[in-house]
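Undergrad: After the structure tokens below, expect a handful of questions from me.
Readers should treat all values here as calculations from the given coordinates under stated rules, not as data from a laboratory. No experiment lies behind these values; they were computed from the predicted model shown. Positions of Cβ are generated from backbone atoms using ideal geometry, with glycine treated the same way; all protein chains shown enter the neighbour counts.
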Amino acid sequence: MNTVQAIIIAIIEGITEFLPISSTGHMAITSAFMGIHTDPFTKLFEIVIQFGAILSVVVLYWKKFINFKSFSFYIKLIIAIIPALVFGALLKSYIASILEKPFVIAMVLLLGGVVLLFVDKWFVNPKVFREEDINNKQALAIGGYQVLSIMFPGLSRSAATIIGGMQQGLSRESAAEFSFFLAVPTMMAATVKSIYDIYKESPEVMNTERIHILLLGSIVAFIVAILAIKFFITFLQKNGFRMFGIYRIVIGVILIALIMMGKL
């Protein structure tokens, strides 16, 4: 992976991390186009810069994350992350194999798009409009939905947790924000685990040049993600999920066609 490739992937990550269109799927397809998807460092890079993008949440919602007077917020995040920690560890090899199959990711993108076409009609009477009103049971249920994005790369962690939140009675905005909050401990754990695994299995992967690439990618993803979050919340309030569903379907169909023609 060179610097230009790193910046391209980081921009894509920053744009897609919080949108319900699968940042993992977009990065996997992009790296496949570039011919670097089988490189162990590429896989590490894609996880580390996700955490870089996630840090934008801490900056934008810093009052939430540095409010030590309300421990219930942290407790809900801990409860919600438990399913992902358990299933992430159990499904590690399965996930790695799926990420090497663009066709599977393309199909999940397409089918997830079909679901997003109808989400706004399924959940029309929200009862929870603030994070403070989310209870521990609802937090655990949302964490369970996050597992679906682990099992099916291309589904979108954001889409899974937002839909899970709406199913639990949260409004679109509160579900999106809790999805953002949950992403912080989730990606922190994934980043630490990935760095440890890579260093343990292939210590030669990490060198000064690649550490610089990781830092550059994380900074680019962080900056772009700040802009993407602001766009997403505003767009979601006005338009819902339908346009994201159409986008996913179009991209899924294009990718499947390219794969069938042997172009990807």
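Undergrad: Hey, can you tell me all the residues within the stretch 218-235 that are surrounded by 20 or more Cβ atoms within 10 Å (Cβ to Cβ) and closer than 22 Å to L44 by Cα?
TA: Residues satisfying the conditions are S218, V220, A221, F222, V224, A225.
Undergrad: So how many residues does the stretch 36-50 have that are surrounded by 24 or more Cβ atoms within 10 Å (Cβ to Cβ) and of a type in the set (F, W, Y)?
TA: 1
Undergrad: Only one residue in I75, I54, I81 is under 20 Å from S218 (Cα atoms) and not small (G, A, S). Which one?
TA: I54
Undergrad: Looking at S158, S174, which one is within 30 Å of V250 (Cβ to Cβ), buried (at least 17 other Cβ atoms within 10 Å of the Cβ), touching a strand residue (DSSP E or B) at 6+ places or on another chain (Cβ under 9 Å) and in contact (Cβ under 8 Å) with a residue 24 or more places away in the chain?
TA: The conditions single out S174.
Undergrad: Related question: Please specify each residue of the stretch 222-249 satisfying the condition of being farther than 21 Å from I54 by Cβ and free of Cβ contacts under 8 Å to residues at least 24 places away in the same chain.
TA: Correct list: K238, N239, M243.
Undergrad: What tally of residues in the stretch 28-69 results from selecting those that are in contact with a helix residue (DSSP H, G or I) (Cβ under 6 Å, 6 or more places away or on another chain), free of Cβ contacts under 8 Å to residues at least 40 places away in the same chain and not in a helix (DSSP H, G or I)?
TA: Result for the stretch 28-69: 1.
Undergrad: What is the residue count in the stretch 143-195 for residues that are part of a helix (DSSP H, G or I) and closer than 17 Å to L116 by Cα?
TA: Count: 20.
Undergrad: Restricting attention to the stretch 51-70, report how many residues are more than 15 Å from E131 (Cβ to Cβ) and surrounded by 14 or more Cβ atoms within 10 Å (Cβ to Cβ).
TA: Residues that pass the stated criteria total 6.
Undergrad: Could you tell me whether the stretch 122-133 includes any residue that is surrounded by 22 or more Cβ atoms within 10 Å (Cβ to Cβ), outside any loop (DSSP other than H, G, I, E, B) and not charged (D, E, K, R)?
TA: Looking through the stretch 122-133, none of the residues is surrounded by 22 or more Cβ atoms within 10 Å (Cβ to Cβ), outside any loop (DSSP other than H, G, I, E, B) and not charged (D, E, K, R).
Undergrad: Does R210 fit the bill of being over 30 Å from K64 (Cβ atoms) and in contact with a helix residue (DSSP H, G or I) (Cβ under 7 Å, 6 or more places away or on another chain)?
TA: yes
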